[in-house]
Amino acid sequence: MKIYLDGQFLSQADAKVSVFDHGLLYGDGIFEGIRFYNGRVRKLDDHMDRLWDSAKAICLTIPMSKAEMKEALLETLRQNDLEDGYIRLVVTRGVGNLGLDPNRCERASVIIIAAKISLYPEEHYQTGLKIITCATRRNSSAAVPPAVKSLNYLNNIMAKIEANQCGAAEALMLNEQGYLAECTADNIFVVKRGVIFTPPVSAGSLPGITRGLVFEIADELEIPIRERELTRYDVFVADECFLTGTAAEVVPVRECDTRIIGDGRPGAATLRIMRAFREKVRATGTPFRGGAEVEAAEPALAGA
Ligand code: PXG
């Protein structure tokens, strides 16, 4: 495995950061989780845009341009023998001293790791997940904005611990007003009478790249999709519910807080979205070993 670290490609044993890096000392930094399928990176520009937005929000200067970052990422993939997998792109505030002032950090550090991905077992996609609502609320927008994909995930980790303690796969996090925000690493959607609903980003969710893909796919399939404030009640009485994330992709939810969703099986809209998602990600994206950039699937030939 070759890891990109500040301009160098290093083995796992050599890819090390300082104990004075503020990413470690304070969680001061940002990241992206990116998927590649079939030799193509999924929604690379969207990930770059979100990374740069996160950086701007926390006043972090990324020490390279978007074009340079994309090239570093594609080169990391070329240095590793993988066609499908997961990329972790991290930008830390860099090396400072033991005070939290970021002015002491001269230069941000950039880390790019490409790896195989361990997904939920296939069974979860067929039967759906059990989730619970947790007591830990999603970060307030008045603190670190939840739209920033920061290295500070302790709040979400506390929520995940609650899920683990309940034997649930995921924890549904509410915002301070009690409306749905998202799960610990996934956005949430419900389907009611043929319409898909998801909380707006302003409710405290991350603007998920997979979430964005679901909007594209729903439009293509002509399934109505809307952003709306949602409560736990909306989940309990939904016909269908599913989660989306880079790691999880599109995964059905079977049960929330002991209420069985719909008839307890992945619903028709969920299955259509899941199928279209799997087709789309294999056929689109930025190739890293040559080939044309494809951002929309080729239209199917009539009669083909
Ligand atoms: N909400 C939160 C809080 C997230 O961290 C998502 C939603 C889904 O966004 P994307 O862009 O992935 O569709 C995330 C994504 C991990 C891991 O290691 C976490 C994420 C992505 C990949 C891996 O648990 N977070």
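In a solvent-free Debye calculation with one equal scatterer on each Cα, what is log10 I(q)/I(0) for the range 130-197 at q = 0.20, 0.22 Å⁻¹, listed in the order of the q values?
Reported log10 I(q)/I(0), two decimals: -0.80, -0.93.
Mind checking which of Val251, Val110, Val144 has the largest fluctuation in a GNM of the chain, springs on alpha carbons under 10 Å?
Sorting by GNM fluctuation, first place goes to Val144.
Could you grab the relative contact order for the chain? Cα pairs under 8 Å, six or more apart, rounded to a whole percent. Mind dumping the intermediate values first?
Values: 609 pairs, mean separation 56.7, N = 304.
Value for the chain: 19 percent.
Using θ = phi - 60° and the Karplus relation 6.51 cos²θ - 1.76 cosθ + 1.60, list the HN-Hα couplings for the range 133-138 in order, rounded to whole Hz, with x at every Gly or Pro.
7, 9, 7, 6, 7, 4
Quick query: amide H of Thr246 versus all other amide H atoms, modeled in the peptide plane; which residues come in under 5 Å with a sequence gap of 5 or more or a different chain?
Thr210
Taking a quarter of the surface of the convex hull around the Cα atoms of the range 57-205, what do you get in nm²?
12.5 nm²
Using the reciprocal of the averaged 1/r over all distinct C-alpha pairs, how large is the Kirkwood radius of the range 2-115 in Å?
14.4 Å
List the trypsin sites (Lys or Arg not before Pro) within the range 150-212 that fall in a DSSP loop (any state other than H, G, I, E or B) and whose Cβ has at most 10 other Cβ atoms within 10 Å.
Of the trypsin sites (Lys or Arg not before Pro), the ones in loops of the range 150-212 whose Cβ has at most 10 other Cβ atoms within 10 Å are Arg193.
For the chain, give the magnitude of the charge dipole about the Cα centre (Cβ charges: +1 Lys/Arg, -1 Asp/Glu; no others), in debye to the nearest 20. Each step should come with its number before you reach the end.
Working: 36 positive and 41 negative charges, 55 e Å.
The calculated dipole for the chain is roughly 260 debye.
What is the distance in Å between the Cα centres of the range 177-219 and the range 27-90?
Distance between centres, Cα-based: 23 Å.
Leaving out ligands and nucleic acids, note down the accessible area per residue over the chain with a 1.4 angstrom probe, in whole Å².
Spelled out: the 1.4 Å probe surface of the chain, per residue, equals 47 Å².
Which FRET efficiency value, to the nearest 0.05, do you get for Glu176 and Glu227 by plugging their Cβ-Cβ distance into 1/(1 + (r/R0)^6) with R0 = 22 Å?
Values: r = 19 Å, r/R0 = 0.85.
Once rounded, the FRET efficiency stands at 0.70.
Which order, highest average first, do 84-91, 225-232 follow once you tally other Cβ atoms within 10 Å for each residue and take the mean per peptide?
Packing proxy ranking, top to bottom: 84-91, 225-232.
Give me, ordered by chain and number, the residues 5 or more places off Val253 or on other chains with an amide H under 5 Å from its own placed amide H.
Leu129, Cys241, Phe242, Leu243
Under the rule of at least 5 residues apart or a separate chain, name every residue whose amide H is placed under 5 Å from the amide H of Ala181.
Result for Ala181 returns Met173, Leu174, Asn175.
Can you pull the percent of the range 2-115's accessible area that's carbon plus sulfur, 1.4 Å probe, other chains left in place? Intermediate results must be reported in sequence, preceding the final value.
On the way: 2710 of 5340 Å².
Roughly 51 percent of what the probe reaches on the range 2-115 is carbon or sulfur.
Can you give the convex hull volume of the alpha carbon atoms of the range 180-302 per residue, in Å³?
Per residue, the Cα convex hull of the range 180-302 comes to 115 Å³.
Placing unit charges on C-beta atoms (Lys and Arg positive, Asp and Glu negative, everything else neutral), compute the dipole magnitude of the range 30-132 about its Cα centre in debye, rounded to 20. Write down the numbers at each step before the final one.
Numbers: 15 positive and 15 negative charges, 43 e Å.
Once rounded to the nearest 20, the dipole reads 200 debye.
Normalise the Cα radius of gyration of the chain by 2.2 N^0.38 Å (N = residues in it) and let me know the number.
1.02
The values are calculated or read from the model by the stated rules, or taken from the named source; none is laboratory data. All of these numbers come straight from a predicted model, not from anything done at the bench. Heads up, the Cβs are rebuilt from the backbone with ideal geometry, glycines too, and the neighbour counts pull from every protein chain shown. For the accessible areas, the whole protein counts, side chains as well, though only heavy atoms, and no ligand, DNA or RNA atoms are used. Shrake-Rupley method; radii C 1.70, N 1.55, O 1.52, S 1.80 Å.
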